[in-house]
Amino acid sequence: MNNHLIPTQEPPFWDHFLHQVPWALNVLAKAADIREEVLRFIPQFQPFMPYPKYANLYQNTWDAFPLSVFQGEHIEMSKAELAINIDPLVAMFRSKLPVTSGTIAPLESEGHLRNVFVSRLIPGSVINPHRGWTQDYLRVHLCLVEDPDCRITVGAVTRTWQTDQLLAFKDGGAHLHSVVHQGTHERIILSYDLSLNYLRQFIPALS
């Protein structure tokens, strides 16, 4: 994780460009089905695990479960130190989530999509300002459960998530980002990392 802030003119959020990306339009078309599938899956399988708490990354709790190959992410860099092998878990989770997996598998097999996970944040939690490890990817969130008082700040801009909508930023980009949850119930998102090289054919501004 790199906390150095680099001066930049690029926008903090990129989701307003995603209407140009066929993959994103497909995810939005399936958003309600993905949400229903994942929210049925969670109470049945209790898949959440604490997100790695490295470098004072967060306060209170931040839970997640993996759904993909990981690359250039902290979990991939520290895989040898994990208490469990996540590969069989990913395979099992994906087998139970066919609609969600259908938005991952095609681009993942081509090397364009990595680091997919479902993330849950409960009230009172804080993710401290940081830059992530994934410098070659755009992080795209599909909101499954919103709370208007759970807010993300990227650079100088603060927003919140909206159910069945996408929010996107560069996790390892020039802007620091942070999250503060001052709401009343959990916020759950499905997070995908899309390769910038792949996205540039649809979003020239990424160049």
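Treating only the Cβ atoms of Lys and Arg (+1) and Asp and Glu (-1) as charged, compute the dipole magnitude of the chain about its Cα centre; round to the nearest 20 debye.
120 debye
Where the accessible area of segment 11-63 is counted over protein heavy atoms with a 1.4 Å probe, how much of it, in %, is carbon and sulfur? Don't skip to the answer; put the middle values down first.
Working: 1520 of 2760 Å².
Answer for segment 11-63: carbon and sulfur cover 55 percent of the accessible area.
Could you look at segment 68-207 and say what percent of its accessible area is carbon and sulfur, using a 1.4 Å probe and all protein chains?
Reported share for carbon and sulfur atoms: 52 percent.
In terms of the ratio Rg/(2.2 N^0.38 Å) built on C-alpha atoms, what value belongs to segment 83-178?
Cα-based Rg divided by the globular estimate yields 1.19.
Once every DSSP H run of n ≥ 4 in the chain is given -39500 (n - 2.57) and the sum is divided by its residues, what mean residue ellipticity at 222 nm do you get, rounded to the nearest 500 deg cm²/dmol?
Numbers: 7 runs with 52 residues, N = 207.
Helix contribution divided over all residues of the chain: -6500 deg cm²/dmol.
Against the empirical 2.2 N^0.38 Å scaling, what ratio does the C-alpha Rg of the chain come to?
Numbers: Rg = 15.9 Å, N = 207, 2.2 N^0.38 = 16.7 Å.
Normalised by 2.2 N^0.38 Å, the Cα Rg of the chain equals 0.95.
Over the chain, give the accessible area per residue in Å² for a 1.4 Å probe, as an integer.
Values: 9350 Å² over 207 residues.
On a per-residue basis, 45 Å².
The values are calculated or read from the model by the stated rules, or taken from the named source; none is laboratory data. Small disclaimer: the values here were computed from a predicted structure and weren't measured. A quick note on method: Cβ atoms are made from the backbone with ideal geometry, for glycine too, and the neighbour counts reach across all protein chains shown. Quick note on the areas: whole protein, heavy atoms, side chains included, nothing else; ligands and nucleic acids left out. Shrake-Rupley method; radii C 1.70, N 1.55, O 1.52, S 1.80 Å.
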